[in-house]
1. Could you give the alpha-carbon Rg of region 263-306 over 2.2 N^0.38 Å, rounded to two decimals?
2. With axes computed from alpha carbons, what is the tilt in degrees of helix 183-192 against the longest principal axis of the chain, rounded to the nearest 10 within 0 to 90?
3. Please build a GNM for the chain, connecting alpha carbons under 10 Å apart, and tell me which residue among 19, 32, 70 fluctuates the most.
4. Dividing the alpha-carbon Rg of region 2-50 by 2.2 N^0.38 Å yields what?
5. Nearest 500 deg cm²/dmol is fine: what mean residue ellipticity at 222 nm does the chain get from its DSSP H runs of n ≥ 4 alone, each adding -39,500 (n - 2.57), divided by its residue count?
6. How far, in degrees from 0 to 90, does helix 58-76 lean away from the longest principal axis of the Cα atoms of the chain, to the nearest 10?
7. Order by neighbour count: 8, 105, 57, 176, fewest other Cβ atoms within 10 Å first, most last.
8. Pairs of Cα atoms under 8 Å, at least six residues apart: use those to get the relative contact order of region 183-335, whole percent.
Ligand SMILES: Cc1cc2nc3c(=O)[nH]c(=O)nc-3n(C[C@H](O)[C@H](O)[C@H](O)COP(=O)(O)O)c2cc1C
């Protein structure tokens, strides 16, 4: 369209080019919804033809293949894969807390888990995750029957130098004794949070505060505890300047943004196509927690849309040094609000539109 417009511009008919373009779009859309879509939505073969020359999904397909390769590579070359370890330990923990616990379970992945723990422990050293893995496996081996597969894994587990156990081991526990009711506090927080688009650029939130919020965001639920995301915090002005204009939705206030978080999804947490949406779901859940955590500290946020756009993905990947199986899910502008400015009402759906029982 750009070239056509330029040509028309030379002969002074730019407006005509615009009109023709919009008429063409309208006609195309009418033909699509009335003639083409009613037929192809029922015939997968036609759908394949329709998307044959489309690059819309190519980016995601390539990303999936890179993620799967990375996952399998780490599995078979025995390099550390914390996603796999967290997932397997989580599955074993679930097995341990079953009401009617079986005396033998996790046979198909207990060896893989011990191997991965050995590998991660060697490369990663001890931290809470590794301690948790040791504690859960200790519990597992003490309550399961000694069938050959378990015995073999247990022997190898025993060879690992066990870290000093924490006073309270990380194994399934009951947490209902000290529960409090936070409804009123949460209600106030949920009503208070609004998207902030104008920030005090002279007062960037301290990293210690942001880190505290990130730790809380990390408590968000994620599928099998895999947490396929990372928050990339951009509070350095030169880098921020290169990023703020990329999400289209910052038009009109990009120069007011004090700092930004790029929520990066990591597709390499699972080797299956069925799990390809995990990073979007889990990344979004954690992002909401992050925004609430920041709000609770008086730091305002504005989520920023990140549409499907390979060129923009590539730009961010280059700026942040992302891997081929990582991509931005969304961005979050953050900072102390410029209190002279307004926020939008953004009235919501009614309860009847929001929910439907059964
Ligand atoms: C995924 C997502 C993307 C968003 N993208 C933008 C954006 O690009 N620009 C913008 O100004 N607001 C953006 N918003 C903010 C919404 O407009 C806002 O959340 C909504 O209108 C509700 O208003 P509130 O957040 O002030 O309650 C986005 C929100 C979400 C959840």
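1. Dividing the Cα Rg of region 263-306 by 2.2 N^0.38 Å gives 1.40.
2. Helix 183-192 sits roughly 30 degrees off the main axis of the chain.
3. Judging by the Gaussian network model, the answer is 19.
4. Details: Rg = 16.0 Å, N = 49, 2.2 N^0.38 = 9.7 Å.
Normalised Rg, Cα atoms only: 1.66.
5. Per the formula, -15500 deg cm²/dmol.
6. Relative to the chain, helix 58-76 is tipped by roughly 20 degrees.
7. In order of increasing Cβ crowding within 10 Å: 176, 57, 8, 105.
8. 35 percent
Throughout, read-outs are computed from the coordinates displayed, never taken from laboratory work. What you are looking at is a predicted structure, and each value in this text was computed from that prediction instead of being measured. With ideal geometry, Cβ positions are generated from the backbone for all residues, glycine too; neighbour counts draw on all protein chains shown.
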